[in-house]
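One structure below.
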Amino acid sequence: MKEETFIKVIRKWNDAETGTFDFDGIVSLLKEYHAEIEKEHLERVKMRVHGEELNEGKFEELARPMVKYLCENYHPHVTVIITPTSAELLEGLKTVGRIEDYIRD
């Protein structure tokens, strides 16, 4: 399916050379192409999680009690990092916000 979408984009782009430029059609096809790539990526990621399918509903179900606990017992400037071997509570004391000046396009 990816190749078919790409071929459609190329055809529409070639039509632009003949004077029938369909910008919206190209954007639509590129969005479709991106969605296909993202879906394939998620499938590969799922396979990497110890051979088990990632269950997003179960993840949220497990995360909600911790979020509730934090809201009821701490202020909004704390973060919890949970790994397979530990849990760490961190407090943000100061931030400069997001600095994106040095990100390359």
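Here, each number is a calculation from the coordinates, and none is a lab measurement. None of these values were measured; they are calculated from a predicted model. Note: ideal-geometry Cβ built from the backbone for every residue, glycine included; neighbour counts use all protein chains shown.
Key figures
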item	result
Per-peptide average of other Cβ atoms within 10 Å, ordering 92-102, 65-75, 29-39 highest first	29-39, 65-75, 92-102
Length released on extending from residue 79 to residue 30, taking residue separation times 0.36 nm less the Cα-Cα span	13.9 nm
Spacing of the two label points (7 Å from each Cα toward its C-beta) at residue 88 and residue 39, in nm	3.9
